[in-house]
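Here the structure is laid out as structure tokens; the discussion comes afterwards.
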């Protein structure tokens, strides 16, 4: 697996204000609203639920008992909570929430490394729109795959959240805009510099291979919605040239 550390920013002359703001919002939501991931009721109210998006209906479910796998302790897991806004807005709100420390750290690291260059090429406003559109399309890809492959309604009630879909779009944009840009990565336990097409290509290959499991077991495996990653990446590939029209030489 590939783990990026930093890239070559020697030609970036603008301050990536939007990228900084996006990172700040994600962190603030995780800390103050999700309370470091412990506020399940907030999380389950604003996450994207495939059944809700497919039907347009807000769904609430009762709390249920569960056994903590490590300690064996019995705990109550909150059910889906009422969504105070339109369920369709969860396609956006879910993009700014995360399931834990590792989830938000990995996402924000990728966004920090690759987002600034894409914002530099697109411009601030275009980049913000690009980011949000890729995130929405990624969530819709997850919803569509969930509905298409669901064998029972309960699988459509599993909430999804995270900035991964939008960031996948950013990675696709970076890949097309800066394919040979050097990226310092940890690759199979070795520290090395590789072109962006290698770093991002390996990452996408992992998503694609993992996503092949969709054909045999649903749209979300091991807590990772690979369909959203792939959907966001494809969206970025399709949209990046549109969002850089007139800025090819920036």
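Laboratory data are not the source of any read-out in this text; all were calculated from the coordinates shown. These figures come from a predicted structure and were not determined experimentally. All Cβ positions, even for glycine, are placed from backbone atoms using ideal geometry, and neighbour counts span all protein chains on display.
Tabulated data
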item	result
Rounded tilt (10° steps) of 101-122 against the dominant C-alpha axis of the chain	40 degrees
57, 189 arranged by Cβ crowding within 10 Å, fewest neighbours leading	189, 57
Estimated D of segment 1-114 in µm² per second, where Rh is the Kirkwood radius over Cα pairs and Stokes-Einstein applies at 25 °C, 0.890 mPa s	149 µm²/s
Listed residues 98, 120, 142, most fluctuating in the chain (Gaussian network, C-alpha, under 10 Å)	120
Ranked list, fewest to most other Cβ atoms within 10 Å of each Cβ, for 74, 121, 182	74, 182, 121
Candidates 105, 130, 188, ranked by Gaussian network fluctuation over the chain, Cα under 10 Å, top entry	188
Distance between modelled label sites at residue 112 and residue 31, nm, 7 Å Cα→Cβ extension	1.3 nm
Degrees separating the helix 164-177 axis from the principal Cα axis of the chain, which is the longest one	20 degrees
Cα→Cβ-extended label distance, 7 Å offset, between residue 57 and residue 125, nm	4.1 nm
√(5λ) per eigenvalue of the Cα gyration tensor, the chain, largest first, Å	32, 19, 18
Per-peptide average of other Cβ atoms within 10 Å, ordering 107-113, 31-37 highest first	107-113, 31-37
Where a label projected 7 Å from the Cα of residue 192 along Cα→Cβ would reach, residues of segment 1-28 with amide N under 20 Å	1-8
Helix 17-28 axis, angle to the chain major axis (alpha carbon atoms, nearest 10°)	30 degrees
Helical mean residue ellipticity (222 nm; -39500 (n - 2.57) per DSSP H run of 4+; nearest 500) of the chain	-16500 deg cm²/dmol
Top of 81, 73, 153 by mean-square fluctuation, Gaussian network on the chain, Cα under 10 Å	73
